[in-house]
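What follows is a single structure, written as structure tokens, with notes after it.
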Amino acid sequence: MSSEFWLGLGLPPELLVFLAAVLPVSELRGALPLAINVLGPWYWAYLIALAGNLLPIPVILVLLEKVLNLLERFSFMRGFTRWIYALGQRRSTPVEKYKRIGLMMLVAVPLPVTGAWTGSLVAVVLGLNYKEALIYISLGVAIAGVIVTSLCLLGWFGAILAGGVLGGIGVYRIIHSKNRPL
């Protein structure tokens, strides 16, 4: 949907950007392109999207396990709660391997199913220290914001650059995984 659609809702642009950054699907990665398009200066867009993306982290870290345990009591919700825990487990490999830096990088890489929500989920699933998780997830969000802002400001060149880098990472991962002994 275009920015005209969102602005047509009648909400202030700052609020739209903030809300887009709070949501688990779009987060800062989706809010920043919208923000840069409708708010003007990139630094203002960055700050509002950053604030929106940081807001749910402490809430998730404190309440997620309690909410999932409560939902687990209802048989019709068990599939959902187990899916959430499985998602956290699947995404936990870099965090288990590289600890705090792995958590920061999981959040910092602007790809689907990464970000503050996933990082917070992984921190809860692994039982990480609240304060450390909050710090490293926040650092990851700030780094992701710099990456996405840079790509947005570079336009087509940024898109081609990002595609080349991500393609290179993908090729490296494919080649690297084939060279592992079975």
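The table below lists the values:
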item	result
Residue under evaluation residue 110, criteria (1) in a helix (DSSP H, G or I); (2) closer than 23 Å to residue 34 by Cβ; (3) open to solvent by less than 50 Å² (accessible area, probe 1.4 Å); (4) touching a helix residue (DSSP H, G or I) at 6+ places or on another chain (Cβ under 9 Å), criterion not met	(1)
Residues within region 123-167 that are assigned to a helix (DSSP H, G or I) and at positive phi, tallied	1
Test: residue in region 127-134 that is within 16 Å of the chain's Cα centre (by Cα) and of a type outside the set (S, T, N, Q)	yes
Qualifying position, being part of a helix (DSSP H, G or I) and under 20 Å from residue 159 (Cα atoms), among 31, 86	31
Leading residue by the ranking (least open to solvent (accessible area, probe 1.4 Å)) among those in region 79-89 that are within 11 Å of residue 121 (Cα to Cα) and either of a type in the set (S, T, N, Q) or under 16 Å from the mean Cα position of the chain (by Cα) (or both)	88
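Residue-wise test of (1) surrounded by 17 or more Cβ atoms within 10 Å (Cβ to Cβ); (2) assigned to a helix (DSSP H, G or I).
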| residue | (1), (2) |
| --- | --- |
| 40 | no, no |
| 50 | yes, yes |
| 62 | no, yes |
| 69 | no, yes |
| 77 | no, yes |
| 98 | no, yes |
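The values are calculated or read from the model by the stated rules, or taken from the named source; none is laboratory data. Worth saying up front: this structure is predicted, and the values here are computed from it rather than measured. Note that we place each Cβ from the backbone using ideal geometry, even for glycine, and neighbour counts take in every protein chain shown. Side chains are part of the model used for accessible areas, which takes the heavy atoms of the whole protein and leaves out ligands, DNA and RNA. Shrake-Rupley method; radii C 1.70, N 1.55, O 1.52, S 1.80 Å.
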